[in-house]
Structures are given as structure tokens and as C-alpha cells.
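For reference, the structure is listed below as C-alpha cells.
Only the coordinates and a few stated rules stand behind these numbers; no lab work does. Values in this document were obtained by computation on a predicted structure and should not be read as measured data. When we count neighbours, we look across all protein chains shown, and the Cβ atoms used for this are built from the backbone with ideal geometry, even at glycine.
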Amino acid sequence: MTWKKLLSLARRPELSDASTETLSGLYWYVADGEPVPPELDVAPIIIHDIRTVEAHAVLLLPVRPDTAGPGPEQIRALHGQDIYIIAVSQLPVSLALQQQLYAEGADDVHVLEGRVAMFACLARAKRHFERSHGAETKRRDLKAQLDILQDALDHLPTPIYLKNINGRYQACNTAFANLLSRPREEVIGHRLEELAPAETAEKHETSDARLRELGGLMCYETDVCLHDDDQRYVMLHKALVSDEHGKPCGIAGVMIDITERKRLEARLMNAAERDPLTDAFNRRKFFELADQAITDAIRQGERLCVAAIDVDHFKSINDEFGHAEGDITLCSIVDILRAHETEGMIVARAGGEEFFAFFFGAAAARAEEILQAMRTEISHYCQVKTAAGLAGTISVGMACFDPAAENIDRALRRADAALYHAKHNGRNRLSRAR
């Protein structure tokens, strides 16, 4: 068969579907300096430069010992998988040469021996492009679906992410990237330890390792401190993701910001535990903390101390200077009491102008010393003159007790009796209970 008949064969109507739907053209490469057969001088599909081959075309590449120019490997490097290369030869091709041609990038090998064989080559090329076209269509459709999904996720205010099994981010939405204060491109492909403080990264890696071990779902509250001045609290939902064979391949997570809820809870807790005026512990919290310390003290055989503290002539301050001044006096006294707080000491407002102090552990042995220091400082800074006498100082009644033999209520009654004795003997002093 002559070259001219071969090219005519490629233009037959039987191949019209291939050329219009999946094949953009049929080319024959002739290297520079290589003679062109006379019958092909006017053929438009003869090319001398492989760069002119269009995508989705079939390239007939002569294979002869005297053929110059690029081989399949060079052509494939230039065009990738966009063209179909048929190596053609007028002589039989050995198995070793066929293997070499395939290894270098040829899609098919044809020995010019008849139109049926050529039809088979072109039919295979057509099927190749149909499959490629179908795969490309699916890829575009999948990309379009992923783009829609990404756009939807980006419109959600909740940070969402996907890591691979090695902890590298594979996907995330805008909210998650904003949480890290980085563009998405700087998040994808990186581990959290490369994007956040070491302490934060280590904490989340520990929970990830637990999830990889146990599988399923995980939900917990945690703080996220990504910047020095920005601590947030989140409810983190995480799930182990598996492939179609059930093998774990990553972790998906959703972070719900609960910072405002946690702040509200803290305010409510503070309101339940502390006096709103002075911010000292209230009576209920005082006994709650004291009960915990008493349990430990009984187990360890330690003694404890408790004190009742009362502001001297407080009513005179309110009557002569107003309740606002009285409030200022109470707050100033509490500031000094709390300034002397040490480990093993609890200060609380019992009510009105009366306060409790509780000492345990090492602080119990220093209770009288600490109380005297408080009294002296309050006398120096908070004392005012009233018609009833010096006001704003404190009188203190102190009682030490063995919690295994005496409960705190009885110890407080003894401290109250000592407080009455301190007031009766001139105020602004400390009295120990018997």
C-alpha cells in the first residue's frame, strides 16, 4: 500500500465520527532533510515540526533505521497524553523494538501491510480519545461539583477542615483559614505544628492520635490560642475518615465557636460564687471550699484555723458619709485582705460588714501572723473618724481546731465569741478563741 492510499484511508467517511467528535486530525511526521515521497508533496497533513500537532490528534511516526528527528519519548514530553502516537514501519518490528517503542511513549505499533490493520489502529485511537474525553468530562464535572461544595463551605461561618492520615491539611473552608490568619494556599499541605503555637498543635495531635486509635467520632470543648491576644473556645467535632476499603485515610473536623457561651458561663459562675460588690467569695463558696480542705486535713491529720472579721463602726460611715463611701470602704478592705491571701487561705464576705477567713495547710501555722498584718494595713489605709469613734478598722476573732474532733460551724462560733471579745476590749485588734 502506498503512503497516498494510507492517507486517503484515514479520510474515509467511516472515520468521520472519530474526526469530528474525538479526533482533531491525522498527521504524518517527516524529519527535516528527509525526502517526502512524490505522491505526498501536496498532502496537508505532512508536518516537519512536531509542535504543530493539535491536541486529540493521531500522529503517524515512521520507524526506519535511517529516520532522523525525535522519537516517541521526545514527542510525549512535549505533548503529554494529548496526542495518540502510532509508530509505523514498512518492515516487520521485533518484539524487543515494540517494547522499546511502547516504553518510550508510543501508543500503538503498525506494520504497513493492509487497510484492515490500519483501520484497527485508528479505531483504537478513536476509543482512546473517547475514553480520555469521557474521563476529562468526568473530571470537569467533579471539579465543578467540588467548586460548588467549596463555595458552599466558604459561606459557612464555622471552621471546617480535612486532614490526611499524616495530619496534613487536604481541604478547609475560608473560616478555618481565617482562624489561622493565613490564606488557604498556606494551609493546604501543611501540618498544624507548622501553622500554630507548639502547645496548641501538640494538644490537637494528641486527640487526633486517640481518634486514629479508637475510630468513630470525637466531640470535646477546648481552647484555641493561635495568637497572643486571641484566645477562643470551641466545640470540636472530629471524625475518622476511611476509604472505600475501610482503611483510615484522614480526619474531618468542624469547630463551633463557643467563646461567648463560655464567657457567659464564667460570668454566671462568678455571680454564683462571688459577692457582686467586693468580688470576694460569697458565703456558699466559702463553705464549699472549706469542706474540701477539711476532708484533706482529716486524712492528713492537720489542724485548721478560721477567723471572723468585722468592720468597726461601719454603720457610722454609712450614716455620716453615705452608703457609697461605705461601699468604697468595704472594697478597699477586701482588696487588702485578698492582697495578703496566700496558698492555703480563703477569704469570703459573710454578709454586711462581716468576713470569714479560713486557713489550711502551711498557712494554718501562720494564720495569726497573716491576720495581724491585714489588720495593721487596714488600720493604716482605711481608718476614718466618725462621731462614734475611729471607723473602717477591723476586729478579728480567730479559732484553731482539729477537724477530726470539731466541725467548722462550732469553730466559727468560737471565732465569733473571740470577735465579740476584741470589740469589747476596744476594737481594731485580734483575739484568739479559747
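At-a-glance table
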read-out	value
Average silhouette area of the chain, convex hull of alpha-carbon atoms, in square nanometres	36.4 nm²
HN-Hα J in Hz across segment 315-326 - Karplus 6.51, -1.76, 1.60, θ = phi - 60°, x for Gly and Pro	4, 5, 5, 5, 5, 8, 10, x, 5, 4, 5, x
Long-range amide H partners of Ser24 with built H, under 5 Å	Ala57, Val58
Computed [θ] at 222 nm, helices only, for the chain once each DSSP H run of length n ≥ 4 contributes -39500 (n - 2.57)	-13500 deg cm²/dmol
³J(HN,Hα), Karplus 6.51/-1.76/1.60, whole Hz, each residue of segment 253-260, x for Gly, Pro	x, 10, 10, 9, 6, 10, 4, 5
Base-10 log of normalised Debye intensity for segment 156-258 (one unit scatterer per alpha-carbon) at q = 0.15, 0.18, 0.25 Å⁻¹	-0.57, -0.84, -1.68
Long-range HN-HN contacts of His190 with modeled amide H, under 5 Å	Tyr169
Among Thr386, Ile370, Phe401 the positive-end extreme of the charge dipole of the chain (Cβ point charges)	Phe401
Karplus-derived 3J(HN,Hα), 6.51/-1.76/1.60, for each residue of segment 345-355, Hz, glycine and proline x	9, 10, 10, 9, 8, 7, x, x, 9, 10, 10
Residues in segment 267-299 that a label on Cys331 would reach, taking backbone N under 11 Å of a point 7 Å out along Cα→Cβ	277-279
Cα convex hull volume per residue for segment 75-124 (Å³)	74 Å³
Among the listed pairs Lys285/Lys423; Lys143/Lys163; Lys163/Lys262; Lys203/Lys285; Lys203/Lys238, those beyond 24 Å (Cα-Cα)	Lys285/Lys423; Lys163/Lys262; Lys203/Lys285
Taking the chain and dividing mean pair separation by its residue count, relative contact order in percent (alpha carbons under 8 Å, at least six apart)	9 percent
Rounded FRET efficiency, nearest 0.05, which uses the C-beta distance separating Glu273 from Asn425 and R0 of 41 Å	0.70
Efficiency of FRET between Ala417 and Asp291 - r from beta-carbon atoms, R0 30 angstrom, step 0.05	0.85
Nonlocal amide H pairs with Ala280, under 5 Å, H built at 1.01 Å	Asp275
Pairwise label distance in nanometres, His133 with Glu260, each label 7 Å out on the Cα-Cβ vector	5.5 nm
Estimated FRET transfer efficiency (Arg366, Arg410; beta-carbon r; R0 22 Å; 0.05)	0.45
Within the chain, percent of DSSP bridges classed antiparallel, to nearest 5	70 percent
